[in-house]
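Read through the structure below, which is laid out as structure tokens, and then see the notes.
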Amino acid sequence: MSGANSILTGKVGEGRLDRALSDALPDLSRARIQALAEEGMVRVSGKVVKQLSSRKFAGAQFEISIPPVRSDKAEPQNIEIDIVYEDDDLLIVNKAAGMVVHPSAGHHDGTLVNALLHHCKGRLSGIGGVERPGIVHRIDRDTSGLLAVAKSDKAHDGLAKLFAAHDIERRYIAIVKGIPAPPAGKITTQIGRSPHDRKKMAVLPDGQGKHAVTHYRLEKQLNGAAQISCTLETGRTHQVRVHMAHIGHALIGDPVYANRQKPVYIGPNQSKFDRQALHAAFLGFIHPISGKKMQFECNLPADMQELLSEMSV
């Protein structure tokens with residue numbers, strides 16, 4: 001990125017703030033204005049405003065800061081990543097919690113893709129496009145664990161077909177509120193965008209959303225919580241988080257689907273555990289080039305181990 005931000009100013013009109021700003025600045029969509037607000041780029045009467053639904057700002061002076069245009073192409077960055085396996089066609093990464101998989105609005109660099117471009121010297125499959133080279137599937141920013149990355153287009157195509165046919169074995173470890181009963185089960189629903197909040201996913205009525213199936217099993221009872229394993233038949237956005245919340249056992253620390261939970265504190269400094277307690281622990285598939293059976297497993301990260309210790313009976 002180069003150059004300084006552009007500053008747009010004006011007076012807020014009547015009605016909701018997002019609509020008033022869009023009316024005042026017809027070259028900016030409401031969605032673009034909301035995205036800028038979430039990045040702290042919108043000020044009204046000199047104060048940063050991130051929620052634009054209020055109607056109380058009529059007549060106030062606004063200021064919107066517009067960042068300079070960025071290149072669509074992700075750039076290599078020397079960022080440390082944990083590579084579990086690598087060959088000429090693909091690699092398996094144990095992604096740390098907090099790392100975004102690929103560049104997106106609000107996350108233009110510092111992503112796994114930036115790190116992979118540096119590690120692979122740019123040799124990643126181009127099927128995912130300039131912002132997502134090599135990316136066949138994703139896990140959430142605050143979910144840790146195993147991710148397959150394609151280095152060749154042939155491997156990318158092969159892995160994509162395996163995912164589409166549900167021929168990838170994926171198992172997650174989660175720590176949830178309460179003790180699931182029965183201790184093992186199959187959750188089958190439709191999942192799609194919440195009609196009440198487009199940033200959230202939700203279980204929807206039959207005929208809406210996409211078919212989603214999760215198998216869960218109790219692994220360990222904790223103090224008011226449980227460690228469970230979840231095996232996915234499908235791979236919908238936020239699937240484990242939505243399904244476990246749906247049956248009344250939201251993930252500990254989930255900021256979206258368990259926001260009424262009391263916070264949990266871990267470690268000697270009793271720091272707040274403020275991410276969903278979810279780890280992609282196992283990945284199994286047939287190598288799309290060699291035909292060999294591949295299986296990978298990785299241990300829980302330190303913060304989830306501390307959480308288990310804190311909540312042990």
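Laid out as a table, the results:
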{"item": "Cβ-Cβ under 8 Å pairs, at least 6 apart or on other chains, the stretch 4-27 side under 15 Å from K50 (Cα atoms), far side open to solvent by 90 Å² or more (accessible area, probe 1.4 Å) and in a loop (DSSP other than H, G, I, E, B)", "result": "R16/R55; L17/R55; A20/E14"}
{"item": "Subset tally (residues that are touching an Asp or Glu at 6+ places or on another chain (Cβ under 9 Å), surrounded by fewer than 10 Cβ atoms within 10 Å (Cβ to Cβ) and either within 11 Å of D18 (Cα to Cα) or basic (K, R) (or both)) for the stretch 43-59", "result": "1"}
{"item": "Qualifying position, being touching a strand residue (DSSP E or B) at 6+ places or on another chain (Cβ under 9 Å), exposed (fewer than 12 other Cβ atoms within 10 Å of the Cβ) and farther than 30 Å from A150 by Cα, among I33, I66, I7", "result": "I7"}
{"item": "Residue among L17, L21 that is surrounded by 12 or more Cβ atoms within 10 Å (Cβ to Cβ), touching a helix residue (DSSP H, G or I) at 6+ places or on another chain (Cβ under 6 Å) and modelled with pLDDT of 90 or more", "result": "L21"}
{"item": "Matching residues in the stretch 218-230 - criterion: being under 12 Å from I187 (Cβ atoms) and surrounded by fewer than 16 Cβ atoms within 10 Å (Cβ to Cβ)", "result": "none"}
{"item": "Subset of the stretch 213-244 (residues that are touching an Asp or Glu at 6+ places or on another chain (Cβ under 8 Å) and assigned to a strand (DSSP E or B))", "result": "V213, T214, H215, A226, Q227, I228, S229, T231"}
{"item": "Residues located in the stretch 91-139, provided they are part of a loop (DSSP other than H, G, I, E, B), open to solvent by 40 Å² or more (accessible area, probe 1.4 Å) and at pLDDT 80 or above", "result": "A96, A97, G98, K121, R138"}
{"item": "So A181, is it open to solvent by 50 Å² or more (accessible area, probe 1.4 Å), free of Cβ contacts under 8 Å to residues at least 24 places away in the same chain and closer than 16 Å to T231 by Cα", "result": "no"}
{"item": "Hits in the stretch 28-45 - residues which are without any contact (Cβ under 8 Å) to a residue 24 or more places away in the chain and either within 23 Å of D197 (Cα to Cα) or in a loop (DSSP other than H, G, I, E, B) (or both)", "result": "S29, R30, A31, R32, Q34, A37, G40, V42, S45"}
{"item": "Lone qualifier among Q208, Q227, Q190 - being of a type in the set (S, T, N, Q), more than 28 Å from T111 (Cβ to Cβ) and touching a residue at least 60 places away in the same chain (Cβ under 8 Å)", "result": "Q227"}
{"item": "Tabulated pairs, the stretch 240-265, first over 18 Å from H279 (Cα atoms) and open to solvent by 20 Å² or more (accessible area, probe 1.4 Å), second among the hydrophobic types (A, V, I, L, M, F, W, C) and not in a helix (DSSP H, G or I), C-beta under 8 angstrom, 6+ apart or interchain", "result": "H246/I187; H246/V203; I247/I187; Q261/A250; Q261/I252; P263/F273; Y265/F273"}
{"item": "Candidates D88, D72 - the one that is modelled with pLDDT under 85 and farther than 19 Å from G145 by Cβ", "result": "D72"}
{"item": "Top-ranked residue of the stretch 56-69 - restricted to ones that are modelled with pLDDT under 90 and in contact with a Leu (Cβ under 9 Å, 6 or more places away or on another chain), ranked as farthest from H119 (Cα to Cα)", "result": "S65"}
{"item": "Filter result (outside any strand (DSSP E or B) and touching a Leu at 6+ places or on another chain (Cβ under 7 Å)) within the stretch 245-256", "result": "I252"}
{"item": "Single match in K186, K151 (criterion: basic (K, R) and open to solvent by less than 80 Å² (accessible area, probe 1.4 Å))", "result": "K151"}
{"item": "The stretch 272-292, subset over 21 Å from the mean Cα position of the chain (by Cα) and in a loop (DSSP other than H, G, I, E, B), residue surrounded by the most Cβ atoms within 10 Å (Cβ to Cβ)", "result": "P288"}
{"item": "Test: residue in the stretch 46-59 that is under 24 Å from K199 (Cα atoms) and in contact (Cβ under 8 Å) with a residue 60 or more places away in the chain", "result": "no"}
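The values are calculated or read from the model by the stated rules, or taken from the named source; none is laboratory data. Bear in mind that the values here come from a model prediction, so they are computed numbers and not experimental data. Cβ sites come from the backbone with ideal geometry, for glycine too, and all protein chains shown count toward neighbours. The area values use the complete protein model at the heavy-atom level, side chains included, leaving out ligands, DNA and RNA. Shrake-Rupley method; radii C 1.70, N 1.55, O 1.52, S 1.80 Å.
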